Structures are given as C-alpha cells and as structure tokens.
Amino acid sequence: MIRGAQAISNESLQTKEQLRSALGQTNFLARAFIKGDELHLYFTNREQCLLFTADWDRSRVKAQNFSSHITELKFDATLPAIPVPGQKWREPKVLIFEDWQRFARVAAESLVPAEAGHGIYLQHALGDAVLVRDRASLIWA
C-alpha cells in the first residue's frame, strides 16, 4: 500500500516538475488535441517534446450555454506521435498567457459601458465578476 502511494506521489511530482519546466520556457509551442474524453497537451520546440495527458468523465459543470471539464494532467514519457487533426482528434486553440490577457482586455473594453461609474456583472469559468469603468475610463474588477 505504501509503495503504491509513493508511486502516485512520484508521478505527481514528476508531472509538476515537467509542467513547471514547460511553462517556464519561452521557446515552447503549446498544442492541444481532444478525442472524446481524452486530452493530449504537447509542449514542443526543435530539441524537445513534452506530453501531458488527461481523461475526464462525462459529468460537466454547466452554466447556461457554457460547460467545462475538470481533470488532472499527467506527464507521459512514452510520447506518442502528435495527432493529425481530423475525424478522431480535434485541435482547439491554445492561448499563451499574453494572448489570453489581450483577449480579456479587448472583451472587457467592448462589454463595459463607456460611461464612468457604469459596469456589468458577468459569470465566467472561475466565478462571478463586476467590471466598472472609472472617470479616467479605466476598467476595474
């Protein structure tokens, strides 16, 4: 029983270390592929390719027209070939942090009313938020 727990702990530690390494690199390209309830997340550059996999169950957290899956990534050292998007695998867009920030900023600028002191209430994957525009036309959460 203790060996099994130690193996799980070592696997989790290896996943954490490899993911931290991948996210710390500026020359990695992140690509994701989804087939059914499987996720393959690749970080690649000319010298290296790292793979993280995940499976989720079919229960979803739903909020109106938005759904999300919660799963845990696992480092996969076997590194199967990168899938070809098509009938079996689909490739969603992966946003790096700077692209996500830019997307969120543009969305907020277009959604928050232009008049000072006015704002919006919204629900998103991580919770609720109120965005308000101040007198200097800056948006605050």
Cα axis of helix 2-24 to longest principal axis of the chain: angle in degrees, 0 to 90, nearest 10? 50
Please compute the contact order of the chain in relative form: average sequence separation of alpha-carbon pairs under 8 Å and at least six residues apart, divided by the residue count, as a percent. 16
With an 8 Å cut-off on Cα pairs and a minimum separation of 6 or more residues, tell me the relative contact order of region 97-140 in percent. 31
Options (1) 32.5, 117; (2) 19.6, 62; (3) 20.5, 69 - which one matches Rg and Dmax of the Cα atoms in Å as calculated here: (2)
Rank the residues V112, V84 as a footprinting-exposure proxy: fewest other Cβ atoms within 10 Å of their Cβ go first. V84, V112
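Throughout, read-outs are computed from the coordinates displayed, never taken from laboratory work. Not measured: the values here are computed from a predicted model. Quick reminder, even Gly has a Cβ in these numbers, built from the backbone with ideal geometry, and neighbours come from all protein chains shown.
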